[in-house]
Amino acid sequence: MKTAQDIVIRPIISERSMMGIQQGKYTFEVAPGCNKIEIAKAVEELFPGTKVKAVNTMHVRGRMKRMGRSAGMTRSWKKAIVTIKPDSKKIEFFESMM
């Protein structure tokens, strides 16, 4: 059994993810082997008082990077956009960024 900390790895802080906060959408990097139900339960467990309305997931492919002569790939990872219900509590971590 995975714990909530194993499922939700880190929050994604970018301009696009910060614009989604007004609509109640929060972006996280999640473990590649987890599904939408596990992600929803993990977010509700990590942030008490929040109720998840929907979860959208996507796989982000690694890209080619060059460092001088040598070339390599960045890692592939899974991203989840979690929408919370309007009557639930906001996530304080993201609210402090605004």
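The values are calculated or read from the model by the stated rules, or taken from the named source; none is laboratory data. From a predicted model like this one, the values you see are computed outputs, not experimental measurements. FYI the Cβ positions are ideal-geometry reconstructions off the backbone, even for glycines, and counts take in every protein chain you see. Areas reflect the complete protein model, heavy atoms only, side chains present, ligands, DNA and RNA absent. Shrake-Rupley method; radii C 1.70, N 1.55, O 1.52, S 1.80 Å.
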Q.
I'm trying to understand the selection: among the residues of segment 59-77, which are part of a strand (DSSP E or B) and within 23 Å of Val8 (Cβ to Cβ)?
A. His59, Val60, Trp77
Q.
Quick check on this structure: which one of Glu44, Glu92 is open to solvent by less than 80 Å² (accessible area, probe 1.4 Å), among the charged types (D, E, K, R) and at negative phi?
A. Glu44
**Q.** Hits in segment 24-41 (condition: outside any strand (DSSP E or B), of a type in the set (D, E, K, R) and either touching a helix residue (DSSP H, G or I) at 6+ places or on another chain (Cβ under 6 Å) or open to solvent by less than 20 Å² (accessible area, probe 1.4 Å) (or both))
**A.** Glu38
Q: Mind listing just one residue for me: the one in segment 1-17 that is open to solvent by less than 20 Å² (accessible area, probe 1.4 Å) and part of a helix (DSSP H, G or I) and, of those, nearest to Phe93 (Cα to Cα)?
A: Ser17
Q: For segment 52-75, enumerate the residues that are farther than 18 Å from Thr27 by Cβ and either buried (at least 17 other Cβ atoms within 10 Å of the Cβ) or among the basic types (Lys, Arg) (or both).
A: Arg63, Lys65, Arg66, Arg69
Q | Qualifying position, being touching a residue at least 40 places away in the same chain (Cβ under 8 Å) and in a helix (DSSP H, G or I), among Gly49, Gly20 | A | Gly20
Q) Failed condition for Ala80, given (1) out of contact with any Lys or Arg (no Cβ under 7 Å at 6 or more places or on another chain); (2) among the small types (Gly, Ala, Ser); (3) more than 13 Å from Ile12 (Cα to Cα), with all others met? A) (3)
